[in-house]
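The values are calculated or read from the model by the stated rules, or taken from the named source; none is laboratory data. Predicted model only: the values in this text are computed from it and were never measured. Ideal geometry is used to build each Cβ from the backbone, glycine not excepted, and the neighbour counts take in all protein chains shown. The area values use the complete protein model at the heavy-atom level, side chains included, leaving out ligands, DNA and RNA. Shrake-Rupley method; radii C 1.70, N 1.55, O 1.52, S 1.80 Å.
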Amino acid sequence: MILSDIIGYIASVAMVLGYMPQAIHTIRTRNTDGIAMPTFLLMGLGAACFAVQGVLIDNMPLIITNVITSLSSAIIASIKVYNDYFRKAR
C-alpha cells in the first residue's frame, strides 16, 4: 500500500466520522430546524460527484466515503423536505 492510499483511507474515516453524528442526530430526532437545505443539497451533489470520480479513477477510499456521505445527505434532505413542507401543511 502506498502513502497516498493510507492518507486516503485516513481521510475517509475522518470524513465519515465527522459527518455521521449530524446524520444520526437528525434521523433520531427528526429535528431539521437548524439545517440549511441548500447546504445539504450541495454537499450531497458534491459527494455524489466525488463517488463517480472515485469509480472512474478506481479509488476505493473516495468511493466508500462519498457513497456514505451522499446517502446521508439524501436522508437528511428527505427528512428536511418532509418537515418543512408536509408537516407544516397539517
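What are the trypsin sites (Lys or Arg not before Pro) within region 27-85 that DSSP puts in a loop, where the Cβ has at most 14 other Cβ atoms within 10 Å? If you can, show how the numbers build up before the last one.
Values: sites: ARG28, ARG30, LYS80; in loops: ARG30.
The qualifying sites are ARG30.
To the nearest 10 degrees, how steep is helix 60-81 against the longest Cα principal axis of the chain, on a 0 to 90 scale?
0 degrees
With everything on Cα atoms, drop me the angle between helix 37-57 and the longest principal axis of the chain, reported from 0 to 90° to the nearest 10.
Once rounded, the angle reads 30 degrees.
Calculate the spin-label point distance for ASP5 paired with ILE35, positioning each point 7 Å from the Cα along the beta-carbon direction, and give it in nanometres.
With each label point 7 Å from Cα toward Cβ, the separation is 3.5 nm.
Roll a 1.4 Å probe over the protein chains and send me the accessible area per residue for the chain in Å².
Working: 6110 Å² over 90 residues.
With all protein chains present, the chain gives 68 Å² per residue.
Students sometimes get this wrong: rank VAL13, VAL81 by accessible area, probe 1.4 Å, all chains present, largest first.
Values: VAL13 85, VAL81 50 Å².
So the residues, ranked largest to smallest area, are VAL13, VAL81.
Which of (i) 16, 49, 26, 8, 1; (ii) 18, 55, 23, 4, 0; (iii) 17, 43, 25, 11, 3, 0 is the computed P(r) over Cα pairs in 10 Å bins from 0, in percent for the structure on display?
(iii)
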